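Notes to accompany the following structure.
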Amino acid sequence: MQQHFSLAECDVVGFDLDHTLCRYHLPQSARLIYDSFAQYLVTEKGYDEDLLTLAPDSLDFCCKGLVLDIEEGNFLKLAEDGTVLRASHGTKSMTFEEILEIYGRKEWKHFNTVSGMVSRTAKYYLYDNYFDLPGALLCARVVDSLDQHDGQKKYDFWKDMVAAIQHNYKISAFKEDCGMYFPEVKNHPDKYLQRCPESVKKWLKQLKNAGKILLLITSSHSDYCRLLCEHVLGSDFEEYFDILITNTLKPGFFSHTPNQRPFRTLENDEEQEALLSLDKPGWYSQGNAIQLFDLLKKMTGRLDPKVVYFGDSMHSDIFPARHYSNWETVFILEELLGDKGIVPAKAESEPLEKKGKYEGDQLKVPYFVSKQWGSFFMDRLPGLENAEETFVPTWSCKCISTYSTIAIPSLEAIADLPLDYRFTRFSSNNSATAGYYPSPPRALLPSEDSAMMK
């Protein structure tokens, strides 16, 4: 595979919506998501009312890449080989000795299925996006509460947590003003949503003018998608895209066959009958990547059009688009903003008011780097008391270089570049840090290891 990647070489450019094209004010949205789940557990399922109050710094617990070991009530941070680097029981961090006693220095028992991206089972849950993360804190606090009151050893709260998620995010919730989440975002969009920077809108138009086909592929339902897009892009948002597909239920959109997941048309946000094939551009619901690709072949006149897809979830966007569809993938990783080593590319040549556009973001965000969990990218192996400290990449970090073409902190980071800019891609031939733009996280640079982890 070639060393470089360029948007100019792509025929089709696809985007996820939430946390990709539409960025949120994370502290506010995290609190809303936490409250919406907690409210349901307390009022509908009889959980402790203490769950409704939140200490200001408690969102520090939220860290992408954590796995909840449901039966044990433990949260785990995994190394690339599946060993446990850090763990907590509920919100309480476990010592290296406790980790070694419970998990040893061997591959975690469910690592095989986790690394196959099977992220939802009755045994564990993988937290890999900002919609999920506040639920990790809530589950940890539920474990604390159950320990305090019931002294439980095995935990049975997960079905209630699933019910809380379904209640707040179900398809009809937006229309029915059901739950806490959708009504609140509807009533106060500015509080939760960041408007799309002009540079990104200009870049989307530039892509279209260069003859690229633009796709929006989101798991959000059409009514919520419309609210988000009108707010962040403007009332003319449909003009940016050739094809919009909502309620895609990713990763199923990529992994399912046309029979399992046909496309549907929409009328007034209601899904209509299943389509046998996809014949023309437009706005659709559900669907599958196979029939979409057939339409893209027709639209481009190419047997094998080159597609790139931008997304923020390893499990729902990046892995399936690469694994099932063999698309190029650009991973939107806001954690790169929390790395103090990052500077905008070509900072020297930019006017002063544009300098440091990432540093400003960093101050407003509570959990790019969690004090409790440390770096998203690297950590030290537990229990090596007298030996020299050994640092290893996390499993999350390994996934990035395995399944992403490149990783960037936001669309804004590349919007000012020419379309034929040549990015160095992740590949086994390049260094482990090659695919990060504008620069790799400091935790991955050798001289920084010990400083970053303490």
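The values are calculated or read from the model by the stated rules, or taken from the named source; none is laboratory data. Source: prediction; values computed, not measured. In this analysis, Cβ positions are derived from the backbone assuming ideal geometry, glycine residues included, and neighbour counts consider all displayed protein chains. These accessible areas exclude ligands, DNA and RNA; they are computed on the full protein's heavy atoms, side chains included. Shrake-Rupley method; radii C 1.70, N 1.55, O 1.52, S 1.80 Å.
The set of residues in the stretch 287-338 that are in contact (Cβ under 8 Å) with a residue 40 or more places away in the chain, open to solvent by 10 Å² or more (accessible area, probe 1.4 Å) and of a type in the set (S, T, N, Q) comprises THR300, SER316, SER325. In the stretch 209-263, the qualifying residues are those that are more than 19 Å from THR20 (Cβ to Cβ) and of a type in the set (A, V, I, L, M, F, W, C), and the one that is farthest from the chain's Cα centre (by Cα) is ALA210. Of the residues screened, LEU417 is not one that is touching a residue at least 24 places away in the same chain (Cβ under 8 Å), under 25 Å from GLY82 (Cβ atoms) and surrounded by fewer than 19 Cβ atoms within 10 Å (Cβ to Cβ).
Taken as a whole, the structure leaves PHE157 outside the set of residues that are closer than 30 Å to PHE254 by Cα and either of a type in the set (A, V, I, L, M) or at pLDDT 90 or above (or both).
Taking the criterion of being assigned to a helix (DSSP H, G or I) and not small (Gly, Ala, Ser), the residues of the stretch 193-209 that qualify are GLU198, VAL200, LYS201, LYS202, TRP203, LEU204, LYS205, GLN206, LEU207, LYS208, ASN209.
Going through the stretch 154-192 one residue at a time, which ones are of a type in the set (Gly, Ala, Ser) and surrounded by fewer than 17 Cβ atoms within 10 Å (Cβ to Cβ)?
So in the stretch 154-192, the residues of a type in the set (Gly, Ala, Ser) come out as 163-164, 172-173, 179.
Across the stretch 154-192, the qualifying residues are ALA163, SER172.
Screening ARG226 with (1) modelled with pLDDT under 95; (2) open to solvent by 10 Å² or more (accessible area, probe 1.4 Å); (3) of a type outside the set (Asp, Glu) gives one miss only, at (1). Residue count for the stretch 233-247 under the criterion of being of a type outside the set (A, V, I, L, M, F, W, C) and either open to solvent by 40 Å² or more (accessible area, probe 1.4 Å) or farther than 20 Å from SER285 by Cα (or both): the result is 6.
Can we say LYS280 is open to solvent by 40 Å² or more (accessible area, probe 1.4 Å) and either over 30 Å from LEU417 (Cα atoms) or assigned to a helix (DSSP H, G or I) (or both)? Let's see the steps before the verdict.
On the way: open to solvent by 40 Å² or more (accessible area, probe 1.4 Å): yes; either over 30 Å from LEU417 (Cα atoms) or assigned to a helix (DSSP H, G or I) (or both): yes.
Taking the combined requirement at face value, the residue satisfies it.
Figure legend. Inter-residue proximity from the stretch 237-265: first residues free of Cβ contacts under 8 Å to residues at least 24 places away in the same chain, second residues among the acidic types (Asp, Glu) and in a helix (DSSP H, G or I), beta-carbon distance below 7 Å, spacing 6+ or different chains. Indicated pairs: PHE237/GLU230. For THR91, the criteria (1) at pLDDT below 95; (2) hydroxyl-bearing (Ser, Thr, Tyr); (3) surrounded by fewer than 21 Cβ atoms within 10 Å (Cβ to Cβ) hold in every case but one, which is (1).
Considering the stretch 210-243 alone, what residues qualify as being among the acidic types (Asp, Glu) and either in a loop (DSSP other than H, G, I, E, B) or touching a strand residue (DSSP E or B) at 6+ places or on another chain (Cβ under 8 Å) (or both)? It would help to see each step written out before you state the result.
Filtering the stretch 210-243 down to residues among the acidic types (Asp, Glu) leaves 223, 230, 236, 238-239, 242.
Listed by number, the residues that qualify are ASP236, GLU238, ASP242.
Screening the stretch 193-213 for residues that are in contact (Cβ under 8 Å) with a residue 40 or more places away in the chain and among the basic types (Lys, Arg) and picking the one that is surrounded by the most Cβ atoms within 10 Å (Cβ to Cβ) gives LYS212.
Here the condition is being modelled with pLDDT of 90 or more, buried (at least 17 other Cβ atoms within 10 Å of the Cβ), part of a helix (DSSP H, G or I) and outside the structural domain of GLY82 (by the TED database); of SER410, SER396, it holds for SER396 alone.
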